1. Over every pair of different alpha-carbon atoms in segment 276-332, take the mean of 1/r and invert it; report that Kirkwood radius in Å.
2. Would you work out if segment 299-410 is rounded, prolate or oblate? Take a ≥ b ≥ c from the square roots of the eigenvalues of the alpha-carbon gyration tensor; rounded if a/c is under 1.5, else prolate when a/b is larger than b/c, oblate otherwise.
3. If a/c stays under 1.5 just call it rounded; otherwise compare a/b with b/c (prolate if a/b is bigger, oblate if not). Do that for segment 29-87, with a ≥ b ≥ c from the square roots of the Cα gyration tensor eigenvalues.
4. Please give the net charge around VAL327, taking every other residue with its beta carbon less than 10 angstrom from that of VAL327, where Lys and Arg add +1 and Asp and Glu add -1.
5. Using helices alone, I'd like the mean residue ellipticity at 222 nm for the chain: each DSSP H run of four-plus residues gives -39500 (n - 2.57), total over residue count, nearest 500.
6. For the chain, max minus min Cα coordinate along each principal axis, in Å, sorted largest first?
7. For a test of the definition: using alpha carbon positions, the gyration tensor, and the 1.5 limit on a/c, classify segment 1-103 as rounded, prolate or oblate.
8. Excluding residues fewer than 8 places away in the same chain, name every one of the lysines whose C-alpha is closer than 24 Å to that of LYS65.
Amino acid sequence: MKNGDNYCRVCNAELKLAVPFGKMPIANGYLTKDDFDKEYFFELQLGFCPNCYMVQLMTQPDREKMFHENYAFFSSTSARMAAHFKEFADLVIKGYLQSANSFVVEIGSNDGIMLQHFANSGIRHLGIEPSANVAQVAIDKGIRTITRFFDEQLAGEIVEEYGQANAFLGANVMCHIPYLHSVVAGVNILLKPEGVLIFEDPYLGDILEKTSYDQIYDEHAFYFSVTSTSYLFEQHGLEVVDVQPQNVHGGSMRYVIAHQGARPVSIAVVAQRAKEDALGLRNAETFEGLRKNIEHSRDALLNLLRNLKQNGKRVVGYAATSKSTTVTNYCGITSDLVEFISDTTPIKQGKYSPGAHIPIRPYAEFQARYPDYALLFGWNHAEEIIAKEQQFKAAGGKWIVYVPKVQVVG
Ligand code: DWN
Ligand code: SAH
Ligand code: ZN
């Protein structure tokens, strides 16, 4: 099997380069000044597979460079996401875990934001989380977690020790794993005959419709659609039996997967695939359009920030998201345009943003002296953030957003 830069990780066909972003650093690689001269960069390129239609990165850094004992993203930083994962857990418990001694596995379980609900209900559970520092937060909450990368080999070990699972879950993790065939082979081993895999990830349709190009960064190896996902699972005797759009992270899709023939296929699957055809998800030209939209978005944001600077306005970034690494580096936004980025995560504070080296400051500094404009890097949490920043608005503060288009609000 050929592997690497120019071949599809799902079907091995030659990829078409869709969007070149240039050199990019590790999206969550916050650094100190001492680390500037040894910072790692790679070529960020979005590729389109004309055979199975999987959209993917053409090169991805080694997993150990991204997921390790100093991983900077802690899931429980958003109240809205905490509520979302409680709903997700409740749905799984009611729908799939009613039999005695049920067993649920979650990959990418992070700080236990979802798995805590299974643990608290006394359900047999296991988290697989390779980033040791975030895994430790879950372990400290009494959530059983192993610090490993999930793959086929690990699936076999889990079945030996715990038996097969009724439900296998993953949120914003499946799209992070380049060796998808090993993962899906593992799912096949791990799932009981009537078991389900339920996972959700940012949806390609939303990225295209909203030009949310900042979803494209090192950790996100794949940009799934129902079309490409169906192809992948069918290779392994599994099938997509339901899909449900989710209003989180700027538009996600939840996929329910079962062994072929084990469960009826919902009409939502067929309907969504028809929508994808209409959106042009199988046409290379669609991605040429995306590339142009991304270039326009970059130019509009830079113009706006330069104008504000000329007019002596203070602009501060709000939320040092992984996504902001793509925006700052692709647009060339440094601390001359954005004074600092405010963030609530302690391990990001006092460091500098990857590549662009904008200082990351504690949230208290945003509150202490409101800027004229806040550039909303956490636009996917806009509702939650704008609701809690009424005082900023009352003080005359305005928001800059760039998804779905560059504009000033408030
Ligand atoms: O896929 C992924 C998603 C689930 O989470 C990962 N690859 C990495 C991460 O992406 P992200 O960093 O873009 O996630 P968020 O949730 O958009 O941003 C989180 C950051 O925003 C944290 O550093 C905390 C910060 N934040 C803040 O400072 N104030 C967040 C909120 C809601 C706030 O009010
Ligand atoms: N599920 C959480 C975390 C998403 S961030 C949420 O939605 O908020 C992605 C997580 O996947 C990280 O914590 C990372 O360490 C983990 N991860 C990356 N590769 C993995 C793999 N091969 N197996 C299991 N987890 C993995
Ligand atoms: Zn392919």
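1. Details: mean 1/r = 0.0736 Å⁻¹.
Across segment 276-332, the inverse of the average 1/r is 13.6 Å.
2. Values: a/c = 1.29, a/b = 1.03, b/c = 1.26.
It comes out rounded by the Cα gyration axes.
3. Oblate.
4. +1
5. -10500 deg cm²/dmol
6. Extents along the principal axes: 64, 48, 41 Å.
7. oblate
8. Within reach: LYS2, LYS23, LYS33, LYS38, LYS323, LYS348, LYS351.
Computed from the coordinates by the stated procedures, all read-outs in this text should not be read as laboratory data. These numbers come from a predicted model, not from an experiment. No Cβ is skipped: glycine too gets one built from the backbone with ideal geometry, and neighbour counts run over all protein chains shown.
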